[in-house]
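Derivation of every value follows stated rules applied to the coordinates shown; laboratory data play no part. What you see is a predicted model; the values in this text were computed from it and never measured. Heads up, the Cβs are rebuilt from the backbone with ideal geometry, glycines too, and the neighbour counts pull from every protein chain shown.
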Amino acid sequence: MLVSFNRRGGTTDNRKASGGKAVRDYLLGKDNNRRHSRVLKGEPEVTTEVINGLNFAKIYTSGVLAFDYGEGDKLNDKKKLEIIDSFEQTLFPNLTVNQYTGYWVEHTDKVLIDQDSNPVLDQEGKKQRRLELNFVFANVELTSGKALPVYFHRNDINLVDSWRDVINATYDLADPNDPKRRRILSIVSDLPKKSAETREDIHDFIVSEIEQGHITNRYEVLRALDSL
């Protein structure tokens, strides 16, 4: 399992599209009709209304806990909620549940495909699906109305990585630190700093999209790059 935070949620985001509605529509479908999706925790409409009433620089934080294909079979709803609650306690260690609002949506629509574009089946003949636990939190502390920085990368990355490693060990999940997942991009040593940083940002974005199952071929790589 790996943890990925999205870059969306800022008021200057060119895909903001009326606050929290865009992310809600993506996760559940405009008419709550996205296949293989369901709400596991929280109230999307309530959180969306809170997000829409904010005027901070960043009004919501979203991301995903992405599991390997077939790993979802190890986790019943009780275990999924244990992981979700543990993650929230890590992000909001000094807050009670009435001080923040968010929701979780499960996706199982991505299917493992072989080199001939056929679904890969497990021993029981079922398609191997990828479990994703998507989260959305309003960036506000509810009792005070003050901005709540849910995740600040420089400060929180080590904490989140440590949490991920503990959860992977506890539930016997795939380790993203496995050498097989080693970094695939080499940066030329004399490349200008700005160019190197841009290249690394693009690399991290593409790798994240691949690991989440959003990219499976060259065409989808090009489509993802066009969306930046």
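Structural remarks
- Pairs of C-alpha atoms in segment 1-102 farther apart than 24 Å represent 28 percent of all such pairs.
- Calculated from backbone phi, Karplus (6.51, -1.76, 1.60) coupling profile of segment 120-127 in Hz, x at Gly/Pro: 8, 9, 8, 5, 9, x, 9, 5
- Projecting label points 7 angstrom from Cα along Cα→Cβ for Asp178 and Lys146 puts them 4.4 nm apart.
- Distance between the pseudo-spin-label points of Asp156 and Glu49 (7 Å out from Cα toward the beta carbon): 2.5 nm.
- By the Cα gyration tensor, segment 79-120 has an equivalent ellipsoid whose semi-axes, rounded to whole angstrom, run 35, 10, 8 from largest to smallest.
- Each other residue within a Cβ distance under 15 Å of Tyr171 adds +1 if Lys or Arg and -1 if Asp or Glu, for a net charge of -4.
- Distances between placed amide hydrogens fall under 5 Å for Arg34 paired with Gly29, all partners being 5 or more residues away or on another chain.
- Sum of side-chain charges, Val111 neighbourhood, beta-carbon under 9 Å (Lys, Arg +1; Asp, Glu -1): +3
- Each residue, Ala169 and Val120, gets one label point 7 Å from its Cα in the Cβ direction; the gap between the two is 2.7 nm.
- Distant-in-sequence amide H partners of Ala174 (H built 1.01 Å from N, under 5 Å): Asp68
- Near Tyr100, once Lys and Arg are set to +1 and Asp and Glu to -1 for all other residues with Cβ below 11 Å from its Cβ, the sum equals -2.
- Residues whose amide H lies under 5 Å from that of Val136, counting only those 5 or more places away or on a different chain, are Tyr103; hydrogens are built 1.01 Å from N in the peptide plane.
- Relative contact order [Cα under 8 Å, 6+ residues apart], segment 1-104, whole percent: 40 percent
- Karplus-derived 3J(HN,Hα) values for segment 61-68, using 6.51 cos²θ - 1.76 cosθ + 1.60 with θ = phi - 60°, are 10, 9, x, 8, 9, 10, 10, 5 Hz; glycine and proline are entered as x.
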